[in-house]
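Chemist: Sharing a structure, written as C-alpha cells. Questions coming.
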2 protein chains.
Amino acid sequence: MAAHEPATLDSVAARAGVSRQTVSNVLRHPARVAEGTRERVLAAIRESGYRASLPARQLATRRAHAIAVRAERQQDGISGLVLDAFYHGLAEAGQDNGLRVVLYAQPADEAAELEIIDDLVQTGAADAVVLTATSADDQRPAYLAGSGTTFCAFGRPWGHDDEPHDWVDVDGALGTGLAVQHLLGLGRRSIAYLGWPGDGAEPSTGSDRRRGWLEAIDEAGLGTPVEIHSLNDAAAAEAAVSTLLAGADAPDAIVCASDTLALGAHRAAVAAAGGGTPTTVVGFDATPVAAALGLVSVAQPIDQAAHLCIDLLTARFESPDRPARGVLVPPVLHLPA
Amino acid sequence: MAAHEPATLDSVAARAGVSRQTVSNVLRHPARVAEGTRERVLAAIRESGYRASLPARQLATRRAHAIAVRAERQQDGISGLVLDAFYHGLAEAGQDNGLRVVLYAQPADEAAELEIIDDLVQTGAADAVVLTATSADDQRPAYLAGSGTTFCAFGRPWGHDDEPHDWVDVDGALGTGLAVQHLLGLGRRSIAYLGWPGDGAEPSTGSDRRRGWLEAIDEAGLGTPVEIHSLNDAAAAEAAVSTLLAGADAPDAIVCASDTLALGAHRAAVAAAGGGTPTTVVGFDATPVAAALGLVSVAQPIDQAAHLCIDLLTARFESPDRPARGVLVPPVLHLPA
C-alpha cells in the first residue's frame, strides 16, 4: 500500500551502483552477472520493493498470465447469479495462481466470439479461455482445439467425446435424482418433470437433468411418469403446468430443469390449489427467486467449479501435452430457510 | 478466425526481405526507415495479418490498455444481477475503446483491496480502476487520488465533495420519487418507507433513496409519513413490516430501499391480508425476485452507467488534468409483466 513512487529499473540501478542493463541481466540472465554484483542488485530490489512490470514479464516469459472469460448478455436473469459466483471464484483462484481474469463481452454469435478469443490470445492478452455455456452444436471447442488455444470448458463436451478437452461440469442428473429422493421422503408418489424442449434428444444440460429424474423414478418403481416441456420462460411454464394440473394425470410434485421453470410451475400450482396447499415444485440453481418463493432447489457448487477450472488450466500450462481431463462435481439440495 | 500460426516480427521481416529490427523500426520509429522500405514492410504486415503483441504495445506505450473491477463476494444475492449487467457493460464499452476489463476478487477489507489495486497498477496490469459500492466512510477514493491512480467510481463521493473524482451514479432519489408518484396514481395516500438502518444520517445510497420518497410525500401534502428500518435481510424486513401492519398507523403502500426488503415486506403484507389484497409494496433494483412476486420496482440503467464509466476513464486518459466529473443517470419504474 506504499503511496510513494514505484521503484524502477533505474532507481534500483542507482541504489546498487550498477547500470540499468546489469539490473536487467540479474533479472533475466543471472548467470551473466558476477555473484557479488548479483547479490548487491538483489538486495537493492528487495529494499526498494521493485516489481518487474507485467508487460516486461509477459515479453520475457511469452505468457500473458491471464485467462479470458465471457461476460454474458442479460437474458433470463434468474440464473445470472450462477455466473456472478463463477466470476468471483475464477478471480479468486486466478489470483492464487498468478493469473488475472479478463472479461470479454458476449458478441452476437460464436464466430464473433472466436474472433475475440483469437485476438486476445494472438496479441498476448490472454493465455487461455474458460468457455461457458457449452452445448452439443457448439463450434467453439473444436475450433480452439484446432487452433492450439488452451481452454477449459465449464460444461461437458456434450456428444463430442471423440474430441476430448479439459472441462468441469456439475452433475445435473445427480441433482434431479436428489430432488426425487427428497420428494419421495415427503410422501409424493406422482412426480412429474418440467424440462426444456428437446431435452430427451441429444446430449445436453437439459437431457442430463431429465435423465437423473427418470432414473430415480424408475429405481423407485413408480411406473410411467409424466413429463412436459416449456421454453425457459416463467409465463410459458405457467401455461404448460396449468394445463397439466387441470388434467387427469395431475402429479403431486414437479421437478424442474431451472428456477425459471419452477417459478412458472409454482404460480400455476398456487392458482390450481385455490387457497389450499399447492403441488410441490423443486427448482434448479437455488437462485434468490426459489428462496423468495420458499422452493427447494438444486444448488450448483459454482465456486468449486471455478477453482477446478483454474486448477485444470494451470496443470495444462505446466504439461501442455497431458491427456484431457473432465471433472464432474456433485450439487446439493438447497432447502428454503 | 484464422487457425494458422500467427504472424511474427520474423515472418513479416522474411516476407518483406528486411531485418527484424527494420520491422520493429517501422512500427515504433517509422521516420527512421526509408519510405520505400517502410511501404514494403507495411504491405507485409497487412498481408500477413500481423498484430503487434499486447505486451510489446504496453511496453512501448507504457499503458496496460486495461481497467480493473472487483468481482464481489456473494452476499445478499438478490441484487447480484445488477453487477452482472455492469460487468457486461464494462466489457462491451471497454472493447469499443481498446480496453480490457480485468477482474479482481473482493478481499477481506479495503486495505487488502488497495494493495491489490496498487499491484495491478504498479505492475502495469491495469491503467485504472472502476470502484464499486462506494460509501461515506470509504477510504479507497482518497487513497487512490493520493497515489495518483486513475479511477472512476460507480457511486457518488458521499459527503466528500471536497475530494472530487470521476463518478457515475444512479439517481436513487428520483427512483423512489417515481415510486411515490406511481402509488399516488393508484390512489394510495398512506405511503410508508422501509429503509436501511441509519439511512437518515450521513450521505449514502440509503439516505438518497429515502430523501426521494420523503420529498415526494411532502410535495403531495400527505402529512407526516411513517418510516421503518431493517437490515437488508428478507426475514428481518418481514418481521418489521408485520409489526407495522398490525399497528394503528398501518400504511396502504410501502416503498422499499431494495428488492430484498421488498421481498420481506411483501411476505408480511400477504400474511396480514389473510387472503385479501395485500398492501402494495414497491422494490428497488428490478431484480427477478421482484418480477417473480409481481412487484413494481425501480430499475437502475446499469448498462448505461457502465458505458459512462468507460467514457469518463477514456476522457481522463486523454486529459489527465481535466476537472473531475460526476454523472447522475435517471432510473425508471419497472412494472411486472
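The values are calculated or read from the model by the stated rules, or taken from the named source; none is laboratory data. Just so we're clear, the structure is a prediction, and the values are computed from it rather than from any experiment. Reconstructed Cβ throughout: ideal geometry from the backbone, glycine too, with neighbour counts over all protein chains shown. Surface areas here come from the heavy atoms of the whole protein model, side chains and all, with no ligands, DNA or RNA. Shrake-Rupley method; radii C 1.70, N 1.55, O 1.52, S 1.80 Å.
Chemist: Could you list, in sequence order, the residues of the range A:167-223 that are open to solvent by 10 Å² or more (accessible area, probe 1.4 Å), charged (D, E, K, R) and assigned to a loop (DSSP other than H, G, I, E, B)?
Modeler: Within the range A:167-223, A:D171, A:R188, A:R189, A:E202 meet the criteria.
Chemist: Filter the range B:326-337 down to the residues that are open to solvent by 40 Å² or more (accessible area, probe 1.4 Å) and either within 30 Å of B:A269 (Cβ to Cβ) or assigned to a helix (DSSP H, G or I) (or both) and list them by number.
Modeler: If the condition is that a residue be open to solvent by 40 Å² or more (accessible area, probe 1.4 Å) and either within 30 Å of B:A269 (Cβ to Cβ) or assigned to a helix (DSSP H, G or I) (or both), then B:P330, B:V332, B:L333, B:H334, B:L335, B:P336, B:A337 are the ones that fit.
Chemist: Can you find a residue that is within 9 Å of chain B (Cβ to nearest Cβ) and of a type outside the set (K, R) anywhere in the range A:164-172?
Modeler: Step one: of the range A:164-172, the residues within 9 Å of chain B (Cβ to nearest Cβ) are none.
Scanning the range A:164-172, I find no residue that is within 9 Å of chain B (Cβ to nearest Cβ) and of a type outside the set (K, R), so the answer is no.
Chemist: Just checking, which of B:A253, B:A273, B:A265 is open to solvent by less than 40 Å² (accessible area, probe 1.4 Å), farther than 30 Å from B:C152 by Cβ and free of Cβ contacts under 8 Å to residues at least 24 places away in the same chain?
Modeler: Details: B:A253 fails: free of Cβ contacts under 8 Å to residues at least 24 places away in the same chain; B:A265 fails: free of Cβ contacts under 8 Å to residues at least 24 places away in the same chain.
The unique qualifying residue is B:A273.
Chemist: While we're on this one: Checking the structure you have, find out if any residue of the range A:49-60 is more than 8 Å from chain B (Cβ to nearest Cβ), at pLDDT 85 or above and in a helix (DSSP H, G or I).
Modeler: No, the conditions are met nowhere in the range A:49-60.
Chemist: Give me the pairs: first residue in the range B:93-122 and at the interface with another protein chain (Cβ under 8 Å from one of its Cβ atoms) and at negative phi, second residue open to solvent by 30 Å² or more (accessible area, probe 1.4 Å) and part of a helix (DSSP H, G or I), beta-carbon distance under 7 Å, and six or more apart or on different chains, which are they?
Modeler: B:Y104/A:Q95; B:Y104/B:I116; B:A105/A:E92; B:A105/A:Q95; B:L114/B:Y143
Chemist: Are any residues in the range A:118-139 open to solvent by 50 Å² or more (accessible area, probe 1.4 Å) and part of a loop (DSSP other than H, G, I, E, B), and if so, which ones? Spell out the reasoning first.
Modeler: Of the residues in the range A:118-139, the ones open to solvent by 50 Å² or more (accessible area, probe 1.4 Å) are A:119, A:122, A:133, A:137, A:139.
Residues satisfying the conditions are A:A133, A:D137, A:Q139.
Chemist: Would it be correct to say that B:G200 is touching a helix residue (DSSP H, G or I) at 6+ places or on another chain (Cβ under 7 Å), under 20 Å from B:V327 (Cβ atoms) and small (G, A, S)?
Modeler: no
Chemist: Okay, moving on. Filtering the range A:276-294 down to residues that are out of contact with any helix residue (DSSP H, G or I) (no Cβ under 7 Å at 6 or more places or on another chain) and more than 11 Å from chain B (Cβ to nearest Cβ), which residue is most open to solvent (accessible area, probe 1.4 Å)?
Modeler: Result: A:T277.
Chemist: Is there any pair linking a residue in the range B:309-325 that is surrounded by fewer than 16 Cβ atoms within 10 Å (Cβ to Cβ) to one that is not basic (K, R), with Cβ under 6 Å and at least six apart or on different chains, and which?
Modeler: B:A324/B:P164; B:A324/B:H165; B:A324/B:D166
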